[in-house]
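So the structure is just underneath, and the comments pick up after that.
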Amino acid sequence: MSRPAPLGAPGEARTVLAITPFRRLWLSLSLSSLGDWLSLLALVSLAAILTEGEETVIQYFAVSGVVVLKVLPSVLLSPIAGVLADHVDRRLTMVVSDVVRGLLYISIPVVGRLDWLLIANFLAECVALFWAPAKDATVPNLVPRHRLEQANQLSLLTTYGSAPVAAALFALLASLSTVLGGFFPAMRTPEADIALYLNGVTFFIAAAVVWRLPIPATRAADDPKRPSVFRAIWEGLRYAGTTRLVRGLLLGMLGAFGAGGAVIGVARIYVTHLGAGNAGFGVLFGAVFTGMAVGMLLGPRVLRDFSRRRLFGLSLLLAGVALLLVGLSSDMVLSAVLTAVLGVGAGIAWVIGLTMLGQEVDDEIRGRTFAFLHAVARVVLMGSVAAAPLIAATMGEQTFEAGELTYRFHGSAGVLLIAAGLLILVSLVAYWQMNEGHEMSLLAELKAVLGGRSAEDDAPERPGGLFVVLEGGEGSGKSTQVREIAVWLREEGFDVLTTREPGATKLGMRLRTMLLDKAHAGMSARTEALLYAADRAEHVETVIRPALERGAIVISDRYVDSTLAYQGAGRELGVDEVARLNDWATGRLVPDLTILLDLPAEEGLRRHADRPADRLESETLEFHERVRRGFLELADRHPERYLVLDAREPQEAVTKAIRRHLRKMLPDPVPDDAEAITGMIPIIKE
Ligand SMILES: Nc1ncnc2c1ncn2[C@@H]1O[C@H](COP(=O)(O)OP(=O)(O)OP(=O)(O)O)[C@@H](O)[C@H]1O
Ligand SMILES: Cc1cn([C@H]2C[C@H](O)[C@@H](COP(=O)(O)O)O2)c(=O)[nH]c1=O
């Protein structure tokens, strides 16, 4: 197979869209999103028409009311929807949801009454709650783990990118109905009606597309011992609350929603205060979505070697600071630019947050976790959309004078400042939650990422094969898992080569003896790094590359990341320097998948207590702990190729987790689309 494209590599969107099932899901998502935005605009327009002639504040509350009504169903139903996503056939859930939503939206102009408009809108949102977690939980089933971030980027791009398209379409419909109405009075149909019909049709098309998707059956549904619905919800909530990483992610994403809601609630009043009307409102609307699209596409690409955990908190901070400046600005152009920057920060955080959740949360409870996010996000959004105009109205307008200077402060700007303060606070807490114990300082990492080229840049394309590496500290179970996985893959009919470092070649055997012999206790750290690199150069040249070239699956017990952890972090030679040496030694051959078996150093050393320790094993516990942290940091920097497993789990459970993950990278089972997948991973089956 071709080596996984580094994030942001040219053509990456094409690559993930080459996976036919994902491409179809993406198409259906795009249509549904376009329909959602169209319906929002249509309903907001109707609300404005119905309150025409009333006071401005009442008009704004009517518009906020539509948004509140749209998010209200999630308060009660979202967690249940998530459990269904995990227990009921996801394809069926999505198809039924799309058809019902289509019918509901079409019924609004057919019935033509305000009360039905409100009821149908509410019911459509209830149904949408079942669709969203089913879709989110399906994406990781359709694309390999290392393509998940790209897939999420594309999904988010259409979710938010369809907003300006819907706005343009709505404006076009409005002009068309005015022109046609001039000639044929019977065609003076309000544009909102046409938009709602169109919306219904987009949902029907989306249902037809999803119906043909080869989505794997939901395993939990087959499990006779599956927990009750309420227990499952409780587990989802508990998981969200107890894992540091997930807690940080959810907190950050919800903080962004809260701030976003406040902005929606006061934006229209705010632009009036700046002297701009509907046009200014449109500019801010466009700026935030354009910024988000840029952030989602370019953020992870520009900083592709930067720790995702750090990037998440920092991009939220950027959004918070930009919002703070918007609140202080009294110039429309400056506000639009700052709003775009705000969008960039929010876009980066959102794509990283969704991707990390998809990677960190187990398939069985992924639906519940996403549903939890959707539920709380909607509640937070609803709360802040509703509260923001109230707070703004309470603050009123104040004028501050200092000598010649006059500063006019408006309640809407005050709300933006409060929202910015909260967002900055949330970003700092999320950063702290997700980044405890980093080996490398933030400044050093920024310098390395912005200043130098990454180890994976410009790597020559490697034809065929799949390169899998098992990494971890002493006694973590690497050799055991290499054996187990090789047996399974051979039984499946694959051409498999198992190998290890150091010592897989004739020359390497001698180097291994030199390296591990306790007689060489005083060996210099640089000599040690060079000897491991020499063993690796021989290994790659004579064993790994030839096997990959013939299309085999190569499973290696240790590779480059061992030297980065042992010599780079353990011996403190510096990860980047050791990486440069190994780039040269290997010709930049990077594994497709690195499985890190993570284990407390003490426990790993205890597992080997019955055999004499070699030179490296005899190192201090602090050394082995540095090695462990070094591995974890590497996994954090390269989430696209890492699978981190808890090696304290029973051996069979670890094997099962590896098999489950590898299964997704292999061609079977996607019968209809095998050619699309094998186009990416042409592993030769004998
Ligand atoms: N998940 C597990 N739980 C408990 N013991 C395990 C587990 N996996 C492997 N072991 C045992 O731990 C010991 C070390 O396993 P193994 O040799 O596979 O580790 P390793 O990572 O290759 O070690 P090293 O790199 O130090 O040679 C063996 O006795 C093995 O049976
Ligand atoms: C590849 C590699 C290995 N090491 C260390 C890690 C272990 O202590 C030994 C290898 O022995 P094992 O059979 O895997 O236990 O060498 C290292 O320090 N640097 C490396 O690059």
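Derivation of every value follows stated rules applied to the coordinates shown; laboratory data play no part. From a predicted model like this one, the values you see are computed outputs, not experimental measurements. Glycine gets a Cβ as well: all are built from the backbone with ideal geometry, and neighbour counts include every protein chain shown.
Estimated at 0.36 nm per residue, the fully extended path between residue 550 and residue 111 surpasses their Cα-Cα distance by 151.5 nm.
Each peptide in 22-29, 486-493 receives the mean, over its residues, of other Cβ atoms within 10 Å, and ordering these scores from highest gives 22-29, 486-493.
Please work out the FRET efficiency for the pair residue 402 and residue 444, using the Cβ-Cβ distance as r and a Förster radius of 41 Å; give the result to the nearest 0.05. It comes out at approximately 0.45.
Arranged by the count of other C-beta atoms within 10 angstrom, fewest first, what order do 540, 321, 333 take? Can you show the working numbers first?
Values: 540 21, 321 18, 333 11.
Ordered from fewest to most neighbouring Cβ atoms within 10 Å, 540, 321, 333 come out as 333, 321, 540.
What does the extension gain come out to for residue 390 and residue 212, with contour length at 0.36 nm per residue minus their alpha carbon separation? Don't jump to the answer; show the numbers that get you there.
Numbers: separation 178, 0.36 × 178 = 64.08 nm, distance 4.75 nm.
In short, 59.3 nm is gained.
Model label sites at residue 510 and residue 432, defined 7 Å from Cα along the beta-carbon direction, differ in position by 5.7 nm. Each peptide among 615-624, 635-644, 249-258 gets the average number of other Cβ atoms lying within 10 Å of its residues, and from highest to lowest they stand as 249-258, 635-644, 615-624.
Taking 0.36 nm per residue of sequence separation and subtracting the Cα-Cα distance, how much length would be gained by fully extending the chain between residue 651 and residue 616, in nm to one decimal?
Values: separation 35, 0.36 × 35 = 12.60 nm, distance 2.43 nm.
Extra length from residue 651 to residue 616 when fully extended: 10.2 nm.
Across region 486-513, the residues whose backbone nitrogen lies under 13 Å from the label position 7 Å along the beta-carbon direction of residue 542 are 503-512. Size of region 462-680: Rg and Dmax of its alpha carbons, in Å, are 17.2, 60.
Shown is the FRET efficiency for residue 425 and residue 122, computed with R0 = 30 Å from the Cβ-Cβ distance and rounded to the nearest 0.05: 0.35.
Excluding residue 29 itself, what net charge comes from residues whose Cβ is under 15 Å from its Cβ, given Lys and Arg +1 and Asp and Glu -1? Net local charge, residue 29 excluded: +4.
Rank by packing, highest mean first: peptides 411-421, 390-400, with packing defined as the count of other Cβ atoms within 10 Å averaged across residues. Could you put the intermediate results ahead of the total?
Details: 411-421: 22.7, 390-400: 13.8.
Highest to lowest by the protection proxy: 411-421, 390-400.
Given R0 = 22 Å, the distance between the Cβ atoms of residue 176 and residue 54 translates into a calculated FRET efficiency of 0.20.
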